[in-house]
Every structure is written in structure tokens, then in C-alpha cells.
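Below: the structure, in C-alpha cells.
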Ligand code: DGP
């Protein structure tokens, strides 16, 4: 499958890993928008939030279990933001479900 994040998961493209378990992989964004900018992805290929179903949604829970662990590991004691972009209007550039974990400074109040 021609998916950048699947290639990262397969080790075909290098990444800076910050966390991994059976279901979830997290690595540093190549173009950080904050002092901490980690991408948290399911190992299973799901194109975006629109592709979450009753059959695969358990992995989303796994992701949100991992996020506080990653935040703690990254020292985000004062809070953080989690964003997922979906589709054209969401400006999603990589078509593999991912959650941006942003923090390490006071973030903008603007969301869009
Ligand atoms: P989005 O626009 O929500 O689809 O975010 C995709 C993110 O993926 C974007 O912030 C940049 C990041 N990214 C793209 N290519 C690579 C890569 O090869 N390595 C890493 N670490 N991040 C990448």
C-alpha cells in the first residue's frame, strides 16, 4: 500500500520514535508546529477519522490511552492539544489516521 505512515511503521522510512505498543506508534513530526509535536498513529491502516467504525474503533481508545503516557514522557505537565485532520477541508496531507499531540508552550486560542 502506498501510504507514508505504513512505510514508517514497516521501517522503510526512518522516524524518531517516542512510543510504541501493540496497537499504537508515535513519532516526532518532521515539521514541528510546537516545542513538542508528536504524531500518534494506529498500526492498522485507517485512512482518517471518517474511516473509524464499530469494527476498528477500539484502536482509537488505545491511542487515547497512550496519549497521556506520551504527554507525561514528554513533560507536558501544563496541558496539551490533540488534533486530527480529515479530508480536503481538514487539510489532511497523509491519508493514515493520525493525532497531532502538541505542547510545550501556551498554544494559540485559534483552532481554524
Ligand atoms: P496532516 O496535515 O494532518 O495530514 O499531518 C501530516 C503530518 O505528517 C505533517 O505535520 C507533517 C508530517 N510528516 C509528513 N511526512 C513525514 C515524514 O516523512 N516523517 C515525519 N516524521 N513526519 C512527516
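If we scan segment 10-21, do we find a residue that is touching a residue at least 24 places away in the same chain (Cβ under 8 Å) and out of contact with any strand residue (DSSP E or B) (no Cβ under 9 Å at 6 or more places or on another chain)? Yes, that holds for at least one residue.
Scanning segment 55-72 for residues that are surrounded by fewer than 13 Cβ atoms within 10 Å (Cβ to Cβ) and within 15 Å of residue 37 (Cα to Cα) gives 68, 72. Taking the conditions (1) surrounded by 12 or more Cβ atoms within 10 Å (Cβ to Cβ); (2) within 13 Å of the ligand (Cβ to nearest atom) in turn, residue 21 satisfies each one other than (2). Taking the numbered list (1) more than 9 Å from the ligand (Cβ to nearest atom); (2) at pLDDT 95 or above in turn, residue 112 passes all entries but (2). Residues in segment 24-54 that are farther than 23 Å from residue 104 by Cβ and touching a strand residue (DSSP E or B) at 6+ places or on another chain (Cβ under 7 Å) were compared, and the one that is surrounded by the most Cβ atoms within 10 Å (Cβ to Cβ) is 42. For segment 26-112, the strands (runs of 3 or more DSSP E) that sit wholly inside it and include 3 or more residues that are free of Cβ contacts under 8 Å to residues at least 60 places away in the same chain and over 20 Å from residue 3 (Cβ atoms) are 80-83.
The values are calculated or read from the model by the stated rules, or taken from the named source; none is laboratory data. Given the structure is predicted, the values throughout are model-derived calculations rather than measurements. Heads up, the Cβs are rebuilt from the backbone with ideal geometry, glycines too, and the neighbour counts pull from every protein chain shown.
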